[in-house]
1. Out of (1) touching a Pro at 6+ places or on another chain (Cβ under 6 Å); (2) modelled with pLDDT of 90 or more, what's the single condition that is false for ILE390?
2. Please give the strands (runs of 3 or more DSSP E) falling wholly within the range 87-174 in which 2 or more residues are under 19 Å from the mean Cα position of the chain (by Cα), under 29 Å from VAL229 (Cα atoms) and at pLDDT 95 or above.
3. Just need a number here: residues in the range 236-251 that are within 11 Å of ligand 2 (Cβ to nearest atom) and of a type in the set (Phe, Trp, Tyr).
4. Give all pairs with beta carbons closer than 9 Å in which a residue from the range 102-123 that is in contact (Cβ under 8 Å) with a residue 24 or more places away in the chain meets a residue that is among the polar types (S, T, N, Q) and within 16 Å of ligand 2 (Cβ to nearest atom); count only pairs at least 6 apart in sequence or on separate chains.
5. What's the total number of residues in the range 77-86 that are touching a Ser or Thr at 6+ places or on another chain (Cβ under 7 Å) and among the small types (Gly, Ala, Ser)?
6. Consider only pairs whose beta carbons are under 8 Å apart and that are at least six residues apart or on different chains; among these, list those whose first residue lies in the range 22-36 and is open to solvent by 100 Å² or more (accessible area, probe 1.4 Å) and whose second residue is polar (S, T, N, Q).
7. If I ask for residues that are open to solvent by less than 80 Å² (accessible area, probe 1.4 Å), part of a helix (DSSP H, G or I) and among the aromatic types (Phe, Trp, Tyr), which ones from the range 368-396 would you list?
8. Being open to solvent by less than 40 Å² (accessible area, probe 1.4 Å), among the aliphatic types (A, V, I, L, M) and either within 15 Å of ligand 1 (Cβ to nearest atom) or in contact with a Ser or Thr (Cβ under 9 Å, 6 or more places away or on another chain) (or both) is true for just one of ALA107, ALA89. Which residue is that?
Amino acid sequence: MHESGIQETRESGVGASPAAQFASLRALGESLADGRLELAVVVPTFNERANIPVLLERLATVLAGISYEVIVVDDDSTDRTWEAVRGVAAHQRRVRVIRRIGRRGLASACLEGMMSTAAPYIAVMDGDLQHDETILPKMLTTALQEKLDVVVASRNTAGASMGEFAKERVHLSNLGLKLSKLILPAAVSDPMSGFFLVDRRFVDEVVYNTSGVGFKILLDLLASAKRPVRLAEVPYTFRTRETGESKLDFATGLEYLYLLLDKLIGHVVPLRFALFALVGAAGVLLHLGTLALLYRQAHVSFMNAQVAATVVTMTFNYLLNNLVTYRDARLRGGKWLVGLFTFYLACSLGAAINLSVSAQLLRSGLPWLFAGTAGVVLSSVWNYGVTSVITWRRRLGGRNRAV
Ligand code: GDD
Ligand code: MN
(Lines give C-alpha, C1' and ligand atoms only; values in the text may rest on other atoms or scores of the structure.)
(Ligands and ions follow the chains in the order given, each with its own letter.)
Protein backbone atom coordinates (compact mmCIF):
# COMPACT_ATOMS: atom_id res chain seq x y z
CA MET A 1 0.00 0.00 0.00
CA HIS A 2 2.65 2.34 1.14
CA GLU A 3 4.79 1.50 -1.86
CA SER A 4 2.06 2.07 -4.41
CA GLY A 5 1.50 5.49 -2.81
CA ILE A 6 5.12 6.38 -3.56
CA GLN A 7 4.68 5.01 -7.06
CA GLU A 8 1.81 7.37 -7.65
CA THR A 9 3.69 10.52 -6.68
CA ARG A 10 6.62 9.37 -8.80
CA GLU A 11 4.52 9.16 -11.95
CA SER A 12 3.75 12.82 -12.31
CA GLY A 13 5.27 14.61 -9.32
CA VAL A 14 8.66 16.05 -8.51
CA GLY A 15 10.39 12.69 -8.25
CA ALA A 16 9.04 11.39 -11.59
CA SER A 17 11.39 10.43 -14.40
CA PRO A 18 12.07 13.18 -16.97
CA ALA A 19 10.14 11.25 -19.62
CA ALA A 20 7.09 11.01 -17.37
CA GLN A 21 7.37 14.68 -16.51
CA PHE A 22 7.48 15.66 -20.18
CA ALA A 23 4.52 13.42 -20.94
CA SER A 24 2.46 15.02 -18.20
CA LEU A 25 3.54 18.50 -19.32
CA ARG A 26 2.47 17.70 -22.85
CA ALA A 27 -0.88 16.45 -21.58
CA LEU A 28 -1.27 19.65 -19.58
CA GLY A 29 -0.40 21.68 -22.68
CA GLU A 30 -3.02 19.84 -24.68
CA SER A 31 -5.68 20.26 -22.03
CA LEU A 32 -5.03 24.01 -21.78
CA ALA A 33 -4.55 24.50 -25.54
CA ASP A 34 -6.05 27.60 -27.12
CA GLY A 35 -4.76 27.11 -30.65
CA ARG A 36 -1.61 26.09 -32.41
CA LEU A 37 0.92 28.76 -33.30
CA GLU A 38 1.84 28.67 -36.99
CA LEU A 39 4.00 31.72 -37.52
CA ALA A 40 5.99 34.29 -35.59
CA VAL A 41 6.90 37.63 -37.14
CA VAL A 42 10.02 39.12 -35.57
CA VAL A 43 10.36 42.87 -36.04
CA PRO A 44 13.55 44.61 -34.87
CA THR A 45 12.96 48.28 -34.10
CA PHE A 46 14.88 51.36 -33.19
CA ASN A 47 12.85 54.56 -33.22
CA GLU A 48 9.92 53.37 -35.31
CA ARG A 49 7.10 54.66 -33.13
CA ALA A 50 5.12 56.09 -36.02
CA ASN A 51 5.50 53.00 -38.21
CA ILE A 52 4.81 50.12 -35.85
CA PRO A 53 1.05 50.62 -35.29
CA VAL A 54 0.56 50.75 -39.07
CA LEU A 55 2.60 47.58 -39.53
CA LEU A 56 0.66 45.73 -36.82
CA GLU A 57 -2.60 46.68 -38.48
CA ARG A 58 -1.41 45.60 -41.92
CA LEU A 59 -0.17 42.28 -40.50
CA ALA A 60 -3.56 41.66 -38.92
CA THR A 61 -5.19 42.11 -42.33
CA VAL A 62 -2.77 40.08 -44.39
CA LEU A 63 -2.34 37.25 -41.86
CA ALA A 64 -6.05 36.99 -41.07
CA GLY A 65 -6.26 33.26 -41.77
CA ILE A 66 -3.04 32.35 -39.99
CA SER A 67 -2.35 31.75 -36.30
CA TYR A 68 0.56 34.10 -35.67
CA GLU A 69 2.32 36.25 -33.12
CA VAL A 70 4.42 39.38 -33.58
CA ILE A 71 7.55 39.92 -31.51
CA VAL A 72 8.91 43.43 -31.61
CA VAL A 73 12.50 43.55 -30.40
CA ASP A 74 13.26 47.12 -29.45
CA ASP A 75 16.65 48.41 -28.32
CA ASP A 76 15.26 50.92 -25.84
CA SER A 77 14.27 53.44 -28.54
CA THR A 78 14.51 57.06 -27.48
CA ASP A 79 11.10 57.67 -29.07
CA ARG A 80 9.75 54.96 -26.75
CA THR A 81 8.64 52.58 -29.52
CA TRP A 82 8.57 49.82 -26.89
CA GLU A 83 5.96 51.75 -24.92
CA ALA A 84 3.71 52.14 -27.94
CA VAL A 85 3.98 48.41 -28.71
CA ARG A 86 3.24 47.52 -25.09
CA GLY A 87 0.08 49.60 -25.38
CA VAL A 88 -1.08 47.32 -28.20
CA ALA A 89 0.26 44.14 -26.57
CA ALA A 90 -1.77 44.79 -23.42
CA HIS A 91 -4.90 44.17 -25.47
CA GLN A 92 -3.66 41.63 -28.01
CA ARG A 93 -1.92 38.52 -26.82
CA ARG A 94 -0.42 37.88 -30.21
CA VAL A 95 1.71 40.99 -29.93
CA ARG A 96 4.76 40.88 -27.68
CA VAL A 97 7.63 43.25 -27.10
CA ILE A 98 11.17 42.66 -25.90
CA ARG A 99 12.79 45.85 -24.66
CA ARG A 100 16.56 45.40 -24.58
CA ILE A 101 18.58 47.65 -22.33
CA GLY A 102 22.14 48.72 -23.07
CA ARG A 103 22.26 46.70 -26.30
CA ARG A 104 22.25 47.72 -29.94
CA GLY A 105 22.25 45.63 -33.05
CA LEU A 106 19.83 44.50 -35.69
CA ALA A 107 21.18 40.96 -36.06
CA SER A 108 21.33 40.21 -32.35
CA ALA A 109 17.85 41.67 -31.88
CA CYS A 110 16.49 39.33 -34.57
CA LEU A 111 18.22 36.33 -33.02
CA GLU A 112 16.80 37.17 -29.63
CA GLY A 113 13.30 37.49 -31.07
CA MET A 114 13.66 34.17 -32.87
CA MET A 115 14.82 32.47 -29.68
CA SER A 116 11.78 33.77 -27.82
CA THR A 117 9.07 32.05 -29.85
CA ALA A 118 7.67 28.53 -30.02
CA ALA A 119 6.28 29.00 -33.54
CA PRO A 120 7.45 26.45 -36.14
CA TYR A 121 8.09 29.19 -38.73
CA ILE A 122 9.60 32.59 -38.12
CA ALA A 123 9.48 35.60 -40.43
CA VAL A 124 11.83 38.52 -39.92
CA MET A 125 10.96 41.93 -41.31
CA ASP A 126 11.80 45.58 -40.75
CA GLY A 127 9.46 47.77 -38.76
CA ASP A 128 9.62 50.74 -41.12
CA LEU A 129 7.07 49.52 -43.71
CA GLN A 130 9.73 49.14 -46.42
CA HIS A 131 9.12 45.39 -46.64
CA ASP A 132 5.99 44.31 -48.46
CA GLU A 133 4.00 42.34 -45.86
CA THR A 134 1.47 41.10 -48.42
CA ILE A 135 3.88 38.39 -49.60
CA LEU A 136 4.09 36.79 -46.13
CA PRO A 137 1.35 34.18 -46.77
CA LYS A 138 3.07 33.15 -49.98
CA MET A 139 6.40 32.85 -48.15
CA LEU A 140 4.82 30.62 -45.51
CA THR A 141 3.01 28.35 -47.95
CA THR A 142 6.16 28.03 -50.06
CA ALA A 143 8.15 26.97 -47.00
CA LEU A 144 5.47 24.50 -45.93
CA GLN A 145 4.82 22.96 -49.34
CA GLU A 146 8.43 22.63 -50.39
CA LYS A 147 9.70 21.79 -46.88
CA LEU A 148 12.26 24.58 -47.02
CA ASP A 149 14.69 25.87 -44.42
CA VAL A 150 14.55 29.45 -45.66
CA VAL A 151 12.40 31.59 -47.94
CA VAL A 152 14.01 34.90 -48.86
CA ALA A 153 11.94 37.91 -49.84
CA SER A 154 14.21 39.09 -52.56
CA ARG A 155 14.74 42.49 -54.16
CA ASN A 156 16.90 41.24 -57.00
CA THR A 157 15.10 38.41 -58.79
CA ALA A 158 12.92 38.96 -61.84
CA GLY A 159 9.78 40.85 -60.94
CA ALA A 160 11.40 42.48 -57.93
CA SER A 161 12.82 45.95 -57.65
CA MET A 162 15.11 47.99 -55.48
CA GLY A 163 12.46 50.71 -55.33
CA GLU A 164 13.73 54.24 -55.18
CA PHE A 165 17.02 53.32 -53.61
CA ALA A 166 19.59 56.13 -53.57
CA LYS A 167 22.31 55.60 -56.19
CA GLU A 168 25.23 55.25 -53.82
CA ARG A 169 23.17 52.86 -51.70
CA VAL A 170 22.76 50.63 -54.76
CA HIS A 171 26.55 50.69 -55.36
CA LEU A 172 27.26 49.86 -51.73
CA SER A 173 24.68 47.12 -51.80
CA ASN A 174 26.27 45.61 -54.92
CA LEU A 175 29.72 45.72 -53.34
CA GLY A 176 28.36 44.02 -50.24
CA LEU A 177 26.75 41.40 -52.44
CA LYS A 178 30.07 40.64 -54.15
CA LEU A 179 31.85 40.35 -50.80
CA SER A 180 29.15 38.06 -49.43
CA LYS A 181 30.11 35.45 -52.02
CA LEU A 182 33.30 34.96 -50.00
CA ILE A 183 31.42 33.32 -47.19
CA LEU A 184 28.31 32.02 -48.90
CA PRO A 185 28.27 28.76 -50.81
CA ALA A 186 24.54 28.95 -51.59
CA ALA A 187 23.25 30.72 -54.67
CA VAL A 188 21.01 33.46 -53.32
CA SER A 189 20.27 36.58 -55.33
CA ASP A 190 19.62 38.71 -52.24
CA PRO A 191 21.51 37.36 -49.21
CA MET A 192 21.54 40.88 -47.73
CA SER A 193 17.76 40.95 -47.42
CA GLY A 194 16.34 41.87 -44.05
CA PHE A 195 13.08 40.15 -45.00
CA PHE A 196 12.87 36.34 -44.89
CA LEU A 197 11.16 33.36 -43.33
CA VAL A 198 12.87 30.41 -41.65
CA ASP A 199 11.99 27.02 -40.26
CA ARG A 200 12.68 27.23 -36.54
CA ARG A 201 14.57 23.94 -36.61
CA PHE A 202 17.03 25.51 -39.03
CA VAL A 203 17.64 28.42 -36.65
CA ASP A 204 18.19 26.02 -33.75
CA GLU A 205 20.62 24.07 -35.90
CA VAL A 206 22.84 27.01 -36.84
CA VAL A 207 22.39 29.42 -33.94
CA TYR A 208 25.63 28.44 -32.16
CA ASN A 209 27.64 29.35 -35.27
CA THR A 210 26.09 32.76 -35.80
CA SER A 211 28.15 35.88 -35.27
CA GLY A 212 25.17 38.03 -34.32
CA VAL A 213 26.97 41.17 -35.38
CA GLY A 214 25.72 43.99 -37.59
CA PHE A 215 22.77 44.26 -39.95
CA LYS A 216 22.93 41.11 -42.04
CA ILE A 217 21.18 38.44 -40.06
CA LEU A 218 20.10 36.36 -43.07
CA LEU A 219 23.63 36.20 -44.43
CA ASP A 220 24.84 35.26 -40.95
CA LEU A 221 22.33 32.40 -40.69
CA LEU A 222 23.05 31.08 -44.19
CA ALA A 223 26.83 31.26 -43.77
CA SER A 224 26.51 29.47 -40.42
CA ALA A 225 24.93 26.35 -41.94
CA LYS A 226 27.12 23.27 -42.19
CA ARG A 227 25.07 21.70 -44.98
CA PRO A 228 23.29 22.82 -48.15
CA VAL A 229 20.31 24.99 -47.24
CA ARG A 230 16.90 24.25 -48.79
CA LEU A 231 15.95 27.70 -50.01
CA ALA A 232 13.59 29.62 -52.28
CA GLU A 233 13.14 33.30 -53.09
CA VAL A 234 9.97 35.32 -53.44
CA PRO A 235 10.33 38.66 -55.26
CA TYR A 236 8.97 41.95 -53.96
CA THR A 237 9.44 45.68 -54.34
CA PHE A 238 11.40 47.43 -51.64
CA ARG A 239 9.36 50.47 -50.59
CA THR A 240 10.76 53.86 -49.69
CA ARG A 241 10.75 54.86 -46.07
CA GLU A 242 8.09 57.42 -45.23
CA THR A 243 8.81 58.33 -41.61
CA GLY A 244 11.82 57.91 -39.37
CA GLU A 245 15.30 57.37 -40.75
CA SER A 246 17.61 54.54 -41.79
CA LYS A 247 20.12 53.44 -39.16
CA LEU A 248 22.57 52.29 -41.78
CA ASP A 249 25.80 54.25 -41.36
CA PHE A 250 29.57 53.93 -41.43
CA ALA A 251 29.57 51.72 -38.34
CA THR A 252 27.15 49.36 -40.09
CA GLY A 253 29.60 49.00 -42.95
CA LEU A 254 32.36 48.22 -40.49
CA GLU A 255 30.18 45.65 -38.80
CA TYR A 256 29.59 44.01 -42.15
CA LEU A 257 33.34 43.55 -42.53
CA TYR A 258 33.38 42.08 -39.03
CA LEU A 259 30.76 39.58 -40.04
CA LEU A 260 32.74 38.56 -43.14
CA LEU A 261 35.97 38.28 -41.14
CA ASP A 262 34.35 36.29 -38.37
CA LYS A 263 32.88 33.86 -40.88
CA LEU A 264 36.21 33.59 -42.74
CA ILE A 265 38.66 33.20 -39.86
CA GLY A 266 36.49 33.00 -36.71
CA HIS A 267 36.80 29.21 -36.52
CA VAL A 268 40.60 29.37 -36.63
CA VAL A 269 41.30 32.25 -34.29
CA PRO A 270 38.77 34.31 -32.31
CA LEU A 271 37.97 37.48 -34.26
CA ARG A 272 38.54 39.62 -31.21
CA PHE A 273 42.03 38.28 -30.77
CA ALA A 274 42.77 38.81 -34.47
CA LEU A 275 41.69 42.45 -34.15
CA PHE A 276 43.68 42.89 -30.96
CA ALA A 277 46.75 41.49 -32.69
CA LEU A 278 46.19 43.76 -35.72
CA VAL A 279 45.98 46.79 -33.45
CA GLY A 280 49.16 45.58 -31.74
CA ALA A 281 50.94 45.27 -35.08
CA ALA A 282 49.94 48.83 -35.99
CA GLY A 283 51.26 49.82 -32.55
CA VAL A 284 54.67 48.34 -33.32
CA LEU A 285 54.96 50.56 -36.40
CA LEU A 286 53.89 53.60 -34.41
CA HIS A 287 56.42 52.73 -31.70
CA LEU A 288 59.27 52.55 -34.18
CA GLY A 289 58.14 55.77 -35.85
CA THR A 290 58.00 57.66 -32.57
CA LEU A 291 61.35 56.25 -31.53
CA ALA A 292 62.95 57.35 -34.79
CA LEU A 293 61.46 60.80 -34.46
CA LEU A 294 62.59 61.35 -30.88
CA TYR A 295 65.94 59.57 -30.97
CA ARG A 296 67.16 60.38 -34.45
CA GLN A 297 65.51 63.72 -35.13
CA ALA A 298 65.01 65.33 -31.70
CA HIS A 299 68.13 63.74 -30.18
CA VAL A 300 66.38 62.59 -27.03
CA SER A 301 68.37 59.93 -25.17
CA PHE A 302 67.56 56.36 -26.33
CA MET A 303 66.11 55.35 -22.95
CA ASN A 304 63.83 58.40 -22.73
CA ALA A 305 62.79 58.03 -26.35
CA GLN A 306 61.91 54.37 -25.68
CA VAL A 307 59.82 55.24 -22.64
CA ALA A 308 57.97 58.00 -24.51
CA ALA A 309 57.36 55.76 -27.53
CA THR A 310 56.03 53.02 -25.23
CA VAL A 311 53.54 55.38 -23.58
CA VAL A 312 52.41 56.76 -26.96
CA THR A 313 51.94 53.25 -28.34
CA MET A 314 50.07 51.91 -25.34
CA THR A 315 47.73 54.91 -25.42
CA PHE A 316 47.16 54.47 -29.15
CA ASN A 317 46.48 50.75 -28.72
CA TYR A 318 44.07 51.41 -25.89
CA LEU A 319 42.14 53.99 -27.93
CA LEU A 320 41.90 51.77 -30.98
CA ASN A 321 40.96 48.64 -29.05
CA ASN A 322 38.32 50.58 -27.18
CA LEU A 323 36.94 51.89 -30.49
CA VAL A 324 37.12 48.78 -32.63
CA THR A 325 38.02 45.55 -30.84
CA TYR A 326 35.73 46.24 -27.89
CA ARG A 327 33.23 48.53 -29.59
CA ASP A 328 30.40 46.60 -27.92
CA ALA A 329 31.92 47.11 -24.46
CA ARG A 330 33.27 50.59 -25.10
CA LEU A 331 34.47 52.43 -21.97
CA ARG A 332 33.47 56.03 -21.45
CA GLY A 333 33.95 58.79 -18.86
CA GLY A 334 35.46 57.67 -15.54
CA LYS A 335 35.55 54.06 -16.64
CA TRP A 336 37.61 55.12 -19.63
CA LEU A 337 40.31 56.50 -17.34
CA VAL A 338 40.36 53.43 -15.08
CA GLY A 339 40.51 51.32 -18.25
CA LEU A 340 43.50 53.25 -19.54
CA PHE A 341 45.29 52.72 -16.25
CA THR A 342 44.66 48.96 -16.11
CA PHE A 343 45.67 48.71 -19.78
CA TYR A 344 49.02 50.44 -19.05
CA LEU A 345 49.57 48.11 -16.12
CA ALA A 346 48.72 44.89 -17.96
CA CYS A 347 50.79 45.81 -21.02
CA SER A 348 53.80 46.82 -18.93
CA LEU A 349 53.72 43.39 -17.34
CA GLY A 350 53.31 41.95 -20.83
CA ALA A 351 56.45 43.76 -21.94
CA ALA A 352 58.34 42.41 -18.93
CA ILE A 353 57.20 38.88 -19.81
CA ASN A 354 58.30 39.42 -23.40
CA LEU A 355 61.77 40.56 -22.35
CA SER A 356 62.41 37.88 -19.75
CA VAL A 357 61.07 34.98 -21.81
CA SER A 358 62.94 35.90 -24.97
CA ALA A 359 66.17 36.49 -23.01
CA GLN A 360 65.76 33.13 -21.29
CA LEU A 361 65.16 31.30 -24.59
CA LEU A 362 68.13 33.00 -26.23
CA ARG A 363 70.34 32.01 -23.35
CA SER A 364 69.21 28.39 -23.63
CA GLY A 365 70.64 28.36 -27.15
CA LEU A 366 67.57 28.93 -29.37
CA PRO A 367 67.93 31.12 -32.50
CA TRP A 368 67.23 34.82 -31.84
CA LEU A 369 64.28 34.94 -34.26
CA PHE A 370 62.55 32.09 -32.46
CA ALA A 371 63.26 33.58 -29.03
CA GLY A 372 62.01 36.99 -30.13
CA THR A 373 58.82 35.61 -31.75
CA ALA A 374 58.01 33.46 -28.73
CA GLY A 375 58.34 36.52 -26.48
CA VAL A 376 56.01 38.58 -28.66
CA VAL A 377 53.39 35.82 -28.99
CA LEU A 378 53.39 35.12 -25.27
CA SER A 379 53.08 38.76 -24.29
CA SER A 380 50.31 39.34 -26.86
CA VAL A 381 48.29 36.46 -25.46
CA TRP A 382 48.94 37.79 -21.96
CA ASN A 383 47.91 41.35 -22.91
CA TYR A 384 44.80 40.11 -24.69
CA GLY A 385 43.69 37.78 -21.93
CA VAL A 386 44.31 40.14 -19.06
CA THR A 387 42.90 43.30 -20.65
CA SER A 388 39.80 41.51 -21.93
CA VAL A 389 38.94 40.39 -18.41
CA ILE A 390 40.21 43.37 -16.38
CA THR A 391 40.02 46.38 -18.68
CA TRP A 392 36.91 45.51 -20.71
CA ARG A 393 35.47 43.12 -18.15
CA ARG A 394 34.56 40.31 -20.52
CA ARG A 395 33.62 37.04 -18.88
CA LEU A 396 36.14 34.23 -18.90
CA GLY A 397 35.13 30.99 -20.59
CA GLY A 398 32.17 32.46 -22.50
CA ARG A 399 31.90 31.56 -26.14
CA ASN A 400 34.08 33.95 -28.06
CA ARG A 401 31.47 35.63 -30.17
CA ALA A 402 32.09 38.77 -32.12
CA VAL A 403 29.50 40.44 -29.90
N1 GDD B 1 16.39 46.35 -32.32
C2 GDD B 1 17.09 47.08 -33.22
N3 GDD B 1 18.38 47.45 -32.93
N4 GDD B 1 16.53 47.38 -34.40
C5 GDD B 1 17.26 48.12 -35.27
C6 GDD B 1 18.56 48.55 -35.03
C7 GDD B 1 19.14 48.19 -33.77
O8 GDD B 1 20.29 48.52 -33.46
N9 GDD B 1 19.01 49.24 -36.10
C10 GDD B 1 17.99 49.24 -36.98
N11 GDD B 1 16.93 48.58 -36.48
C12 GDD B 1 15.61 48.33 -37.10
C13 GDD B 1 14.95 49.54 -37.71
O14 GDD B 1 14.13 50.21 -36.76
C15 GDD B 1 14.13 48.92 -38.82
O16 GDD B 1 12.91 48.39 -38.33
C17 GDD B 1 15.01 47.78 -39.29
O18 GDD B 1 15.84 47.45 -38.19
C19 GDD B 1 15.86 48.14 -40.53
O20 GDD B 1 16.62 49.29 -40.25
P21 GDD B 1 16.83 50.45 -41.31
O22 GDD B 1 17.70 51.45 -40.67
O23 GDD B 1 15.52 50.91 -41.85
O24 GDD B 1 17.66 49.68 -42.43
P25 GDD B 1 17.64 49.90 -44.01
O26 GDD B 1 16.27 50.14 -44.54
O27 GDD B 1 18.68 50.89 -44.34
O28 GDD B 1 18.10 48.44 -44.50
C29 GDD B 1 17.23 47.33 -44.27
O30 GDD B 1 16.72 46.77 -45.42
C31 GDD B 1 17.67 46.19 -46.30
C32 GDD B 1 16.94 45.55 -47.40
O33 GDD B 1 16.07 44.54 -46.94
C34 GDD B 1 17.98 46.26 -43.50
O35 GDD B 1 17.09 45.24 -43.16
C36 GDD B 1 19.10 45.70 -44.34
O37 GDD B 1 19.77 44.65 -43.63
C38 GDD B 1 18.55 45.17 -45.62
O39 GDD B 1 19.60 44.80 -46.48
MN1 MN C 1 14.61 50.66 -43.66
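1. It is condition (1) that ILE390 fails.
2. Strands (runs of 3 or more DSSP E) meeting the threshold: 121-124.
3. Adding up the residues that qualify gives 1.
4. That search, which allows pairs on different chains as well, returns LEU106/THR252; ALA109/THR45.
5. Initial filter on the range 77-86 (touching a Ser or Thr at 6+ places or on another chain (Cβ under 7 Å)): 77, 81.
Still in the list and also among the small types (Gly, Ala, Ser): 77.
Going through the range 77-86 one residue at a time, the tally reaches 1.
6. What qualifies is ARG36/SER67.
7. Scanning the range 368-396 gives a single hit, TYR384.
8. Going through ALA107, ALA89 in turn, the sole match is ALA107.
The values are calculated or read from the model by the stated rules, or taken from the named source; none is laboratory data. The structure presented is a predicted model; accordingly, all values stated were derived computationally and were not measured. For neighbour counting, all protein chains shown are included, and Cβ atoms are generated from backbone atoms with ideal geometry for every residue, glycine included. Note: areas computed on protein heavy atoms with side chains; ligands, DNA, RNA excluded. Shrake-Rupley method; radii C 1.70, N 1.55, O 1.52, S 1.80 Å.
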